[in-house]
Structure formats: structure tokens, C-alpha cells
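Colleague: The following block contains the structure, expressed as C-alpha cells.
The values are calculated or read from the model by the stated rules, or taken from the named source; none is laboratory data. Quick caveat, the model's predicted, so the values are computed rather than measured. Cβ placement follows ideal geometry from the backbone for every residue including glycine, while neighbour counts extend to all protein chains displayed. When the accessible area is computed, the model is the full protein with side chains, heavy atoms only, and any ligands, DNA or RNA have been set aside. Shrake-Rupley method; radii C 1.70, N 1.55, O 1.52, S 1.80 Å.
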Amino acid sequence: MRGRPALFTRYEADGAILPTNAQRVWFVIGLILVAILPIWLPRDWMILIATAFIASVGVIGLNLITGYAGQVSLGHAFFLGIGAYAGAALGGAATDKVTGLGLDLIIWLPAAGLVAGLVGAIIAPIAVRLKGLYLAFLTLGLVFVGEHIFREWESVTGGPGIGREPGELSFFGWRFDVDGTIGGFDVTREQQIYWLGLVVLIIMAFMAKNIVRSRIGRAFAAIRDRDIAAEVMGIDLTRYKVLAFAVSSFYAGVAGALLFTVTGFVNTNSFNLLLSINYIAMVVIGGAASIAGSIMGAAFLTLLPRMIDAAGDVIPFLEVGSQGILSTSQLERIIFGVLIIGFLIFEPMGLYGIWIRVRNYWKAWPFSY
């Protein structure tokens, strides 16, 4: 309405992904800035931020099942590993020790997600019978089962201590993993991986946003808030819980398939309990039941080690290093634990909740009510 741009008169307008003109403008501006950032960034920072983009996809998947559907999952590393090895087997080169089909990126990337989603859908009927602590232990067991499978299935994984190369980043003949030229401009491998990660994140984030604002998303929220009441309302608990596991596993598969193309090497020891805990922490710190919070949490924890290194060089009283009081990894673990406790106690909505508070303050400023 004229003079009341934030007043919605239709449910479709209220549920839009970007409901206001200001949000649309700032989204476009922010997207342009993020897209042109690699022109000035060092190569190591481009790879680090690309890793954050890809990790965000996995965190969004975990948030769909944990934050939106209310199903506790500690087995995300298992599905990340399935996606990584499915992508490596479908898109990687075959050797005398491992299998590989050498398919194009447009095939092996969604296929890796589908394989992980199928495994999630197979496991889900068992998981939906449980809730709370019992469901957490069941999904935790998947991590240990996965570690055993990844160690023993050497024709796919390469075996412990040996590993294998991930899927080839080849899109209809164009190689993202080698330097090239676009429109007469030279582009590096790191820049192309950065842009690839950004495009995949945007696609997957908009897909997730559409899911949570649809009938499926409303069913997830009802099950999360009170599953008995949701069942009384006619929501099929088994169907939607299985769907939540499948969609979450699909996102984890896509993230796992891409995540280890950045490092260029896949090892069976990578998909352990610590990886699952890291993703849970990204959800907690970023904000549960929030797509934007998922991206914030993944970016923050991915960049945390580099920020600690920078702080150790800048802040005189922060002694980090081999000669200091704490090593970088020790300080990282301390900050990691303190942040989780702090957000759970003081800001359950995570970084996204802090952003909402800041935004609302400036929208109402200078009035306090």
C-alpha cells in the first residue's frame, strides 16, 4: 500500500522470499559485491570462502531436519562422506585401485546428492520410530558405521591413508579446477571454484527457502513444535520425517561431493564425529530454523581459524603459537566451546538473532519502543 511498504495484504506477499523492495535491493547489491570480491582477494582467501559457501549447503541441509523439522541428527558426517565418495566415483578418473566413471559435473553433482538422499530415505523409517536422545544415538551410530565402510570399501574410497581424488570439476568441457580465460580475461582456478561455490549455494539456499515456506515446511514446523498435535491435525508423521531425512541427506551429499574438490583429496578419516559436531555447532551459532543463519554459522566457523591467526599477530597480549601460552588449535577449541555455550544461553537464535535485533533497533531508532 502507498505509504505503508511493510504492510502485507496477501499471504503470498508475506511469505515471499524477499518480501520488501529494500530487501531485494540490498540482496542484489550484496550479491554483486560478493561476486566481484575475488578480483582483489588473495588465492588462499578465495579457497577459504569457497569452502564456507559449500559448507553452508551442508549446514542448510542439517538445519532443515534439526531446526525446521525438530529431528536431532548427529550423523551428518556420514551423509557428507556418502556424497563425497559418490561424487568421486561418478566424476573421478578410474585407476587400478579405484573405480571412476569420469562423468560431467552436471551429472555427478546432483547424482551424489541423490545417492545420499536415497540412503537417508532408507534409514529414515527406522529413525522416525525414535525421538530425542534415542534418535541422537542412532544417528551417532551412523558415523561409526560410515567410518568402517569407508575404510573397507577400498575400490571406492581408496582405503585409509591412501584416499583418492574427488570428482573432476568439468562442466561440458570447461574445467573449473584449472586456470582459464573468460571473455578475454584470465581467471584462476581459485576464482572459478569461488564462483562455482557461490552459484551452488544460491541455488540450494533458494530451494530450501521455497521448501520451508511451502506446505512441506509448515508440516516440518508443526512436527517440530508438537508432533502429537500435528498428527491430530492430519499430518502424516512418518511421511514428513522420512522426507526431512531425505532432503537433509541430499543437501549433505551435494556439499560433501563439492567440499573435497576444493582440497583436491578425499580421505576416509575426514568423516568422523568431530565433523558432525562442527556442523551442529554451525547450526547453533548461526541460528536454528534459519537459512540465513545457516550461511552465517558456516562462514563464521570456517573463517574462525584464520581470524584467530590474524588476532595472534595483531593483539599484543594474545600469545598464540609454539612459543606462546596457547597454540592456535587450542585457542580455537576454547572459543568454539565458549561460543556454543554462550549462544545456547544468551541468544538461541544465533548470529541471525543478533542481526534481527540490530536491524530492528535501527528501524525503530531513535525511538526505543
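Colleague: Please report, largest first and rounded to whole Å, the three semi-axes of the ellipsoid equivalent to segment 1-109, where each semi-axis is the square root of five times an eigenvalue of the C-alpha gyration tensor.
Modeller: With the √(5λ) rule applied to segment 1-109, the semi-axes are 38, 22, 14 Å.
Colleague: How far apart, in nm, are the 7 Å Cα→Cβ label points at E154 and W45?
Modeller: 4.4 nm
Colleague: On average over all directions, what projected area in square nanometres does segment 183-298 have, based on the convex hull of its Cα atoms? Walk me through the intermediate numbers first.
Modeller: Details: hull surface 37.8 nm².
That works out to 9.4 nm².
Colleague: Now for a separate question. Out of the total accessible area of the chain (probe 1.4 Å, heavy atoms of protein only), what percent is carbon and sulfur?
Modeller: Result for the chain: 67 percent of the exposed heavy-atom area is carbon or sulfur.
Colleague: Average projected area of the Cα convex hull of segment 59-190, in nm²?
Modeller: 9.9 nm²
Colleague: Work out how far the C-alpha atoms of the chain reach from end to end along every principal axis, then list the three figures in whole Å, largest first.
Modeller: Principal-axis extents of the chain (Cα, largest first): 67, 54, 51 Å.
Colleague: Would you kindly state how much longer the chain becomes between F171 and V358 on full extension, computed as 0.36 nm times their sequence separation minus their alpha carbon distance, in nm to one decimal?
Modeller: Additional length available on full extension: 63.2 nm.
Colleague: OK, next. May I ask you to list the lysines whose Cα is less than 27 Å away from that of K241, ignoring any residue fewer than eight positions away on the same chain?
Modeller: K131, K209
Colleague: Could you tell me the calculated FRET efficiency between R10 and T181, based on Cβ-Cβ distance and R0 = 35 angstrom, to the nearest 0.05? Each step should come with its number before you reach the end.
Modeller: Working: r = 48 Å, r/R0 = 1.36.
Efficiency, from the Cβ-Cβ distance: 0.15.
Colleague: Out of W362, A86, S276, whose Cα points farthest toward the positive end of the dipole of the chain (charges: +1 Lys, Arg; -1 Asp, Glu; placed on Cβ)?
Modeller: Of the options given, the answer is W362.
Colleague: In addition: Where is the GNM fluctuation largest for the chain (alpha-carbon springs, 10 angstrom cutoff): E154, E190, E165?
Modeller: E154
Colleague: Same structure, new question: Which whole-number value in Å² is the accessible area per residue of the chain, probe 1.4 Å?
Modeller: Accessible area per residue, the chain: 53 Å².
Colleague: Compute the semi-axes of the equivalent ellipsoid of segment 113-185, taking the square root of 5 times each eigenvalue of the Cα gyration tensor, and list them largest first in whole Å.
Modeller: With the √(5λ) rule applied to segment 113-185, the semi-axes are 37, 19, 11 Å.
Colleague: Could I ask something else about it? Between the alpha-carbon centers of segment 132-190 and segment 248-263, tell me the distance in whole angstrom.
Modeller: 7 Å
Colleague: To the nearest 20 debye, what charge dipole does the chain have about its Cα centre, counting +1 at the Cβ of each Lys and Arg and -1 at the Cβ of each Asp and Glu?
Modeller: Details: 25 positive and 23 negative charges, 312 e Å.
That gives the chain a dipole magnitude of about 1500 debye.
Colleague: Rounded to the nearest 500 deg cm²/dmol, what is the calculated helix-only ellipticity per residue at 222 nm for the chain, with -39500 (n - 2.57) per DSSP H run of length n ≥ 4?
Modeller: When only DSSP H runs of four or more count, the value is -22000 deg cm²/dmol.
Colleague: Sticking with this one: For a quick check of understanding: with a 1.4 angstrom probe and all protein chains in place, what accessible area in square angstrom does L80 have, to the nearest ten?
Modeller: Roll a 1.4 Å probe over it and L80 shows about 0 Å².
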